[in-house]
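The values are calculated or read from the model by the stated rules, or taken from the named source; none is laboratory data. What you are looking at is a predicted structure, and each value in this text was computed from that prediction instead of being measured. Cβ sites come from the backbone with ideal geometry, for glycine too, and all protein chains shown count toward neighbours. With ligands, DNA and RNA removed, areas are computed over all heavy atoms of the protein, side chains included. Shrake-Rupley method; radii C 1.70, N 1.55, O 1.52, S 1.80 Å.
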Amino acid sequence: MAEFKQSSKLHNVLYDIRGPILEAAQQMEAEGHKILKLNIGNPAPFGFEAPDAILVDMIRHLPHAQGYSDSRGIFSARTAVSQYYQTRGIQNIGVDDVYLGNGVSELITMSLMALLEQGDEILVPTPDYPLWTASVSLAGGRAVHYTCVEEADWEPDLEDLEAKITPRTKGIVVINPNNPTGAVYSDSTLRRIVALAEQHGLIIFADEIYEKILYDGLTHTNMASLTDEDVLCLTFSGLSKAYRVCGYRAGWMAISGPKKAAADYLEGINLLANMRLCANVPAQHAIQTALGGYQSIKDLILPGGRLLEQRNKAYEMLNAMPGVSTRQAKGALYLFPRLDPEVYRIRDDERFVLDLLRDQKILLSHGRAFNWIAPDHFRMVTLPAVADIEEALGRMGEFLSRYAGN
């Protein structure tokens, strides 16, 4: 019988957040074990519900959402996105510069497939959201990782970033607020990245899906507000996190900057958008309602709000553990703690996470799943209720007190 193997295009494509560790957890669940999943930023299982207005609006539009939409997306939703960015001081994103997608993930892949030739390079932060690295590889490119510095609250090392620009470099990925570290970059850092992009003729890919999840009174600066007409900027955002509807897959990509100079590239994006026909139409109807009116995410991030209190409890308990330290998240839904190599002689962080899963029924993501350089970090989500975080981290502390490494 003929043997069928996966395409060689997948050889450098990894997405370990949903890899062997998750498979082990699913097997344990099938055997009757209850697993506390701290590995994926999915609000729904932790009791976070979508605003009622979004549900009502989607239901009302279902009878009219049975056919294909325009390949870019329905006009009302794209208008709402364009107008949202106008309120952010970005005047050069028109309705036809907005593409709706089945989540940001689809649009990331589309934007890179339309751009990259074999061997072209994209600068991606380390640690990263691994879909970026995987999508660059799938498109035939090479992800070149620039370092973010833990001691500087995970701000990018701009000297390292600049040193890695070559004639093959096409763009810079900026994930802000950051997954997995929770960093929110300073305006000075963002301006210097824009200056580098302008100097070297690079595209900025601005992943801003967590822009509304900010703590301690911080504000977020959209990259497109700094690039003006000097740098092509593709901004990615959506409803999954701030509006707690990951399963709806409602995301968008907004294009700003010198679009005439990028006409051929944008024609390629149009081609790929046409090929997939359209994004999920019922979910597109949620976008206008979500972006207008009261923003319920504020109730969760201000003092007394669940997301803030859970972040604080996780930070406090992690830093109280011997040999564990973490920088405080300024945004998003994650912490990226460090395990001191002098205390825990861990050579394989995937094995560490598997050992914790089997011993304590707690599921984390190992640091190298985010293209981090050493086996000394892990990512945990801060979505569980405070009581659940206390229980999980209490059990983790007990596990670490007797863990010798591997």
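Listed values, structure above:
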item	result
Index of the failed condition, P167 passing every other in (1) closer than 14 Å to D207 by Cβ; (2) free of Cβ contacts under 8 Å to residues at least 12 places away in the same chain; (3) not polar (S, T, N, Q)	(1)
Residue match in the range 354-364 (condition: in a helix (DSSP H, G or I), of a type in the set (A, V, I, L, M, F, W, C), open to solvent by 10 Å² or more (accessible area, probe 1.4 Å) and in contact with a Lys or Arg (Cβ under 6 Å, 6 or more places away or on another chain))	no
Test for R168: is it surrounded by fewer than 18 Cβ atoms within 10 Å (Cβ to Cβ), in contact with a Lys or Arg (Cβ under 8 Å, 6 or more places away or on another chain) and not small (G, A, S)	yes
Qualifying positions in the range 100-136 - on the phi > 0 side of the Ramachandran plot and either without any contact (Cβ under 8 Å) to a residue 12 or more places away in the chain or open to solvent by less than 10 Å² (accessible area, probe 1.4 Å) (or both)	G103
Unique residue being in contact with a strand residue (DSSP E or B) (Cβ under 8 Å, 6 or more places away or on another chain) and open to solvent by 10 Å² or more (accessible area, probe 1.4 Å) when the list is L266, L291, L277, L300	L266
Scope the range 244-263; condition more than 30 Å from L308 (Cβ to Cβ) and either charged (D, E, K, R) or surrounded by fewer than 20 Cβ atoms within 10 Å (Cβ to Cβ) (or both); matching residues	P258, K259, K260, A261, A262, A263
Residue within the range 268-276 that is in a loop (DSSP other than H, G, I, E, B) and either closer than 20 Å to V124 by Cα or at pLDDT below 95 (or both) present	yes
Extreme residue, surrounded by the most Cβ atoms within 10 Å (Cβ to Cβ), among residues of the range 190-243 that are more than 21 Å from T147 (Cα to Cα) and among the acidic types (D, E)	E211
Test: residue in the range 314-329 that is closer than 30 Å to V245 by Cβ, more than 22 Å from the chain's Cα centre (by Cα), open to solvent by less than 70 Å² (accessible area, probe 1.4 Å) and not aromatic (F, W, Y)	yes
Listing of helices (runs of 4 or more DSSP H) fully contained in the range 64-179 that carry 1 or more residues being closer than 21 Å to N371 by Cβ	103-113, 130-138, 158-163
Enumeration of residues in the range 21-63 that are part of a loop (DSSP other than H, G, I, E, B), in contact (Cβ under 8 Å) with a residue 40 or more places away in the chain and open to solvent by 60 Å² or more (accessible area, probe 1.4 Å)	H33, K34, E49
Complete set of residues in the range 203-227 that are in contact with a helix residue (DSSP H, G or I) (Cβ under 9 Å, 6 or more places away or on another chain) and touching a residue at least 60 places away in the same chain (Cβ under 8 Å)	I203, F205, D207, I209, K212, I213, L214, Y215, D216, N222, A224, S225
Any chance A139 is among the small types (G, A, S), more than 29 Å from L291 (Cα to Cα) and over 15 Å from the mean Cα position of the chain (by Cα)	yes
Any pair with Cβ under 8 angstrom, 6 or more apart, that starts in the range 284-311 at a residue that is within 25 Å of R78 (Cβ to Cβ) and ends at one that is of a type in the set (F, W, Y) and outside any loop (DSSP other than H, G, I, E, B)	A286/Y248; I287/W252; L291/Y84
Condition broken by S7, with the remaining ones in (1) farther than 30 Å from H220 by Cα; (2) among the hydroxyl-bearing types (S, T, Y); (3) modelled with pLDDT under 90; (4) open to solvent by 70 Å² or more (accessible area, probe 1.4 Å) satisfied	(4)
Yes/no for V95 being surrounded by 14 or more Cβ atoms within 10 Å (Cβ to Cβ), in contact (Cβ under 8 Å) with a residue 60 or more places away in the chain and not small (G, A, S)	no
Test result for S365, closer than 26 Å to I175 by Cβ, of a type outside the set (A, V, I, L, M, F, W, C) and touching a Phe, Trp or Tyr at 6+ places or on another chain (Cβ under 8 Å)	yes
